[in-house]
Amino acid sequence: MARTDRLPDYVRSAGAAALGARLRRLSAAMDGDARRVYADFGVTFEQRWLGLLDLLSSHGPLTVGELAASLGISHPSVSQSRDSLAKARLIAWEADEEDKRRRRLRLTKEGEALVRRLRPLWEALDHAAVALDEEAGQVAAALDRLEDKLKARGLYERVEALIGEDRHRER
C-alpha cells in the first residue's frame, strides 16, 4: 500500500486554516473541467480570458486599468492575459483618445467571432456553476461575505494583531 493511501487529506482536514489552499484547489478543479468542455467544443481557450473577452464584448474598448478594476485583479494579471489574447489575435489596442499614454483594448474580428461561438457554452457553464452553488448551499454568498471581511481587514493585519507584540519584543 502506498504511504499516501494512509495520509489524510491535509488541506481538507486543516479546515479554515487552509482556506487559501482549498480555494486554489477548487479553482484548479473547476478550471480543469472548463478546459475539458472547451476542448470538447474544439476550442483552445484559457479560462482567464473569459472575463476580459466578456467585458470587451459587453462594454466595448477598455483600458487595462478599467479591466483590472472590474475583474478585481492586478494590472500585471490583466497585462499577461492581454498579451496572450493578442498573440491569439483575439484582441488589439489603440491609443486612448483622452490620454494617448493609455491603450484601449478591443476585440478583433476573430475575437468577436469566438465570443459569438462561445456565448452558448458560457451560458451552460454559468448554469452549471449556479446549480453547483445551490447544491453546495450558496457558497458564492459566503464567499462574498468572506471577501468583504478580507477587504475590511486583511489576513496580514489579523496575523499582525495576534503576533505583532511578541514579534516586536523579540527584536
Could you give log10 I(q)/I(0) at q = 0.10, 0.12, 0.16, 0.18 Å⁻¹ for the chain, computed by the Debye formula over C-alpha point scatterers of equal weight, without solvent? -0.57, -0.78, -1.12, -1.25
Trypsin sites (Lys or Arg not before Pro) within the range 1-68, DSSP loop, no more than 12 other Cβ atoms inside 10 Å: Arg6
Run the numbers for Ala142 and Glu123: contour at 0.36 nm per residue of separation, minus the present Cα-Cα distance, in nm. 4.5 nm
Spelling it out for Thr63: with amide H atoms placed in the peptide plane at 1.01 Å from N, the residues 5 or more places away or on another chain with amide H under 5 Å from its amide H are Leu105
Non-local residues with an amide H under 5 Å from the amide H of Asp96, with H modelled 1.01 Å from N and Pro and chain starts lacking one, are Arg102, Arg103, Arg104
Distances longer than 16 Å among the Cα atoms of the range 1-40: what percent of all pairs is that? 53 percent
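Helix-only mean residue ellipticity at 222 nm, the chain, DSSP H runs n ≥ 4 weighted -39,500 (n - 2.57), per residue, nearest 500. What is it?
Mean residue ellipticity at 222 nm (helix-derived): -22000 deg cm²/dmol.
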Using all C-alpha to C-alpha distances in the range 87-153, build P(r) with 5 Å bins and read off the rounded percent in each one. 4, 14, 11, 11, 11, 12, 18, 15, 4, 1
What's the longest uninterrupted piece of the chain once you rule out the GluC sites (Glu not before Pro) that are loop residues per DSSP with at most 12 other Cβ within 10 Å? 1-96
By how many degrees, 0 to 90 and rounded to 10, does the Cα axis of helix 19-40 deviate from the longest principal axis of the chain? 30 degrees
Between Leu7 and Val130, what length comes free when the chain is fully extended (0.36 nm per residue of separation minus the Cα-Cα distance, one decimal in nm)? 41.0 nm
Based on alpha-carbon positions alone, could you give the equivalent ellipsoid semi-axes of the range 46-117 from the gyration tensor, as √(5λ), descending, whole Å? 17, 14, 11
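Every read-out reported here was derived from the displayed coordinates using simple, explicitly stated rules and does not represent laboratory data. These figures come from a predicted structure and were not determined experimentally. Every residue, glycine among them, receives a Cβ derived from its backbone with ideal geometry; neighbour counts consider all protein chains shown.
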